[in-house]
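Read the structure below first, then the notes.
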Amino acid sequence: MKGIQIERVQAMIEQLADYGRNADGSITRPSYGPAYLAAQEWLAEVMGQAGMEVTRDAVGNLTGTYAGQEEALPAVMTGSHLDTVPNGGRLDGALGIVAAIECVRSWQEAGWRPLRPVKVLATIEEEGSIFGLGCFGARVMAGEFAGSNPDDLQDKHGRRLSEFLSDQGLPPSALVDAVIDSSRYHSFLELHIEQGEELDLKQKPFALVTDIVGIDRHWITLSGQANHAGTTRMDRRRDALVAAACLIQQVYEAAIASNGGYVATIGTLTVSPGATNVIPGVVELRVETRAADNGRLEAAHTHLAALLEAVGRRYGVKGVISKRHTTPAMQLPEGVLQELRLAVEAAGFPPAEEMPSWAGHDAKILAEHIPSGMIFVPSIKGISHAREEETYWEAAAQGIEVLNQALKRLACQRETLGTGGK
Ligand SMILES: [Zn+2]
């Protein structure tokens, strides 16, 4: 048995990258676009060659099923997303799909059949580039949009999801039709590039993911007094932008002081009225914090509210958090993590690095319904969502071998696993 062949994985990555490759080498493959559909068609063909039966659900998620000895048993599922961000890299999402296909292909070559069916999943719209909703395809599977109307979801040009669906010959009832029955799934594994620099810095070939971070977004308005930039004395000003600058700096310093506990980003800023000769009266900004621990996330929120209050007092500005949107951190279940540790051992590797994921993933959505786990392989210099996205292939080969061993273990297991944390 030849097992996993990394050259084939690399070749599949290059072939997939041809769908949506830009002149500069980056990849733009938005969901439902021509490049996406062609990639999906190619993937279906490759899955078929690897002995899988291919289906596409009502919203556009693609699944290849490798039959098990006992078809009635709930399936083991693995995979990742097929869409990319604009000008993204060729590994984000794609690697998790082709790695899974390579595992199945090696079984087919060896004439090996698992007890349970194994499904390779290629989700649609994980990046949220079209509708602004991250992990959209997985969320639909999880039933999060079952009560929504496909006319209500629009892209930035006002084009509705219902139009995207009808163009594809998909039914208007897609948001209901694509909901999965989670009792039909035993477990889910996702292999993904880390997208951070931890593994590269530590020179580790792969890591097992313990938690997926929570994300806390705050919409903040600082209201001072717009006034004449020449006639208003410096000690009489209520400058909203100066207050905002102070807040931004303090939020940044506090996140640094947390020593890896959480990260904070201010990525948007709107200044009104926005004229050279007018003191800024109103500033709107958004603060995003992320932590693997929900207590940490809440503490960061409380601290942010206190900083806002203090900055407001100092500059005579009123600061309010007008809206807050929190998605809590998700601890991946110990049962799956333990299976992954045993897979590492079975592959003959020393105990793996374990770490949280600082990016959101489909596995976080599915983990609420199906016992789920994740494997990270290195991102060179931590670069992702960019043309320079790259991995160390010898390391990736080890991560894929862990995926292979874990899938084999899970797919031969009679017992069920729990979705709960430690
Ligand atoms: Zn991704």
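The values are calculated or read from the model by the stated rules, or taken from the named source; none is laboratory data. The structure presented is a predicted model; accordingly, all values stated were derived computationally and were not measured. Heads up, the Cβs are rebuilt from the backbone with ideal geometry, glycines too, and the neighbour counts pull from every protein chain shown. We work out accessible area using only protein heavy atoms, side chains counted, and drop any ligands, DNA or RNA first. Shrake-Rupley method; radii C 1.70, N 1.55, O 1.52, S 1.80 Å.
The Cα-based radius of gyration and maximum Cα-Cα distance (Dmax) for the stretch 214-327 are 14.8, 50 Å.
Most fluctuating residue of ARG105, ARG238, ARG314 in a GNM of the chain with Cα springs under 10 Å: which is it? In this elastic network of the chain, the residue with the biggest mean-square fluctuation among ARG105, ARG238, ARG314 is ARG314.
If you take all other residues with their beta carbon under 14 Å from the beta carbon of VAL344, and give Lys and Arg +1 and Asp and Glu -1, the sum is -1. Only Cα pairs under 8 Å and 6+ residues apart enter the sum, and on that basis the relative contact order of the chain stands at 21 percent.
Label positions at GLU354 and ASN87, each projected 7 Å from the Cα along the C-beta direction, are separated by 4.0 nm. For the chain, adding -39500 (n - 2.57) for each run of n ≥ 4 DSSP H residues and dividing by the number of residues yields -10500 deg cm²/dmol at 222 nm. Might you work out the accessible area of LEU417 for me, using a 1.4 Å probe with all protein chains in place, and round it to the nearest 10 Å²? Rounded to the nearest 10, the figure is 40 Å². Looking at the chain as a GNM with Cα springs under 10 Å, which of ALA72, ALA411, ALA50 has the largest mean-square fluctuation? For the chain, modelled as a Gaussian network with Cα springs under 10 Å, the answer is ALA72. Which pairs break 21 Å Cα to Cα here: LYS119/LYS204; LYS202/LYS364; LYS204/LYS381? Correct reply: LYS119/LYS204; LYS202/LYS364.
If you find the alpha carbon centre of the stretch 95-113 and of the stretch 360-389, how far apart are they in angstrom? If you average the Cα positions of each part, the centres end up 20 Å apart.
Using every pair of distinct Cα positions in the chain, the Kirkwood expression returns a hydrodynamic radius of 23.0 angstrom.
Sparse packing (at most 12 other Cβ atoms within 10 Å of the Cβ) combined with a DSSP loop state is found for none of the chymotrypsin sites (Phe, Trp or Tyr not before Pro) in the stretch 168-262. Accessible surface for the stretch 292-422, divided over its residues, is 45 Å² per residue with a 1.4 Å probe.
For the stretch 281-309, the residues whose amide N sits under 17 Å from a probe point set 7 Å from the Cα of GLU253 along the beta carbon direction are 303-309. Of PRO150, PRO328, PRO273, which has the largest mean-square fluctuation in a 10 Å C-alpha GNM of the chain? Judging by the Gaussian network model, the answer is PRO273.
On the basis of the beta-carbon distance and an R0 of 56 Å, ARG233 and VAL263 show a calculated FRET efficiency of 0.90.
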